[in-house]
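Novice: Quick one: the structure is below, and I'll ask about it shortly.
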Amino acid sequence: MPPPDEELCSLITAGDEMAFGWLFDRHSRAVYNHAFRLTGSWTTAEDVTQATFLVAWRRCGDAHLVDGSVLPWLLVVTTNGARSEWRSARRWLALLRRLPTERQADGDLADDVAARLDDERRMRGVLAVVRRLSPAEREAVALCLWSGVSYADAAAVLGISEVAVRSRISRARSRLARLLPDEIKEGKR
């Protein structure tokens with residue numbers, strides 16, 4: 001016969017996995033049903049139940065027992081978990097509502113995904129070549145060519161002359177023109 005909840009909590013705090021199993025067996029059905037009643041979803045109830053018992057594992061020693069039972073505390077943790085799930089779902093739905101409702105007539109999601117994957121592949125190629133530049137040239141390329149910082153502002157940030165920035169950009173462009181594969185230069189898909 002498993003010990004009472006108060007003793008189980010002490011054992012769990014000491015890291016006793018068997019005690020945690022007993023606590024779970026004793027209260028998981030009530031927690032799960034409570035979570036379902038709060039969420040209306042069996043799947044979400046499973047997630048909330050898991051989160052509740054994770055909290056129990058970590059904080060059972062802090063639990064407030066009522067008449068020797070940890071169940072009321074577990075149900076409060078479950079309620080808080082369900083509220084968190086509800087807030088997350090509400091934020092997710094709000095985000096979805098802000099998305100454009102119509103897709104572009106000339107394309108579909110598969111084309112967008114393929115284009116993004118293609119862009120990532122090309123960018124990996126570009127980065128591999130850019131890494132072959134000197135650190136000073138990489139810095140100038142990142143500031144001026146990629147981020148659009150003026151030569152004068154880049155010079156001020158880097159603590160060098162504007163002429164030096166222009167020289168670094170010029171050298172970098174020459175090296176990149178030689179090193180980049182033609183398909184990346186032309187932006188082929």
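The values are calculated or read from the model by the stated rules, or taken from the named source; none is laboratory data. Just so you know, these numbers come straight off a predicted model, no measurement behind them. Neighbour counts are summed over all protein chains in view; Cβ atoms, including those assigned to glycine, are modelled from backbone coordinates with ideal geometry.
Novice: Determine which single condition Arg103 fails, assuming it passes every other condition in (1) in a loop (DSSP other than H, G, I, E, B); (2) modelled with pLDDT of 75 or more; (3) surrounded by fewer than 16 Cβ atoms within 10 Å (Cβ to Cβ).
Specialist: Condition not satisfied by Arg103: (2).
Novice: Could I ask something else about it? Which residue is surrounded by the most Cβ atoms within 10 Å (Cβ to Cβ), if the candidates are limited to the range 66-88 and must be outside any helix (DSSP H, G or I) and modelled with pLDDT of 90 or more?
Specialist: Among those that are outside any helix (DSSP H, G or I) and modelled with pLDDT of 90 or more, it is Val70.
Novice: Of Ser88, Ser84, Ser69, which residue is assigned by TED's automatic domain parsing to the domain that holds Arg29, at negative phi and in contact with an Asp or Glu (Cβ under 6 Å, 6 or more places away or on another chain)?
Specialist: Testing whether each residue is assigned by TED's automatic domain parsing to the domain that holds Arg29, at negative phi and in contact with an Asp or Glu (Cβ under 6 Å, 6 or more places away or on another chain) leaves just Ser69.
Novice: Looking at (1) farther than 30 Å from Val48 by Cβ; (2) modelled with pLDDT of 75 or more; (3) assigned to a helix (DSSP H, G or I); (4) within 29 Å of the chain's Cα centre (by Cα), which is the one condition that is false for Leu96?
Specialist: (1)
Novice: In the range 156-172, what residues are at pLDDT 90 or above and surrounded by 14 or more Cβ atoms within 10 Å (Cβ to Cβ)?
Specialist: Ile160, Glu162, Ala164, Val165, Arg166, Ser167, Arg168, Ile169, Arg171, Ala172 - these are the residues of the range 156-172 that are at pLDDT 90 or above and surrounded by 14 or more Cβ atoms within 10 Å (Cβ to Cβ).
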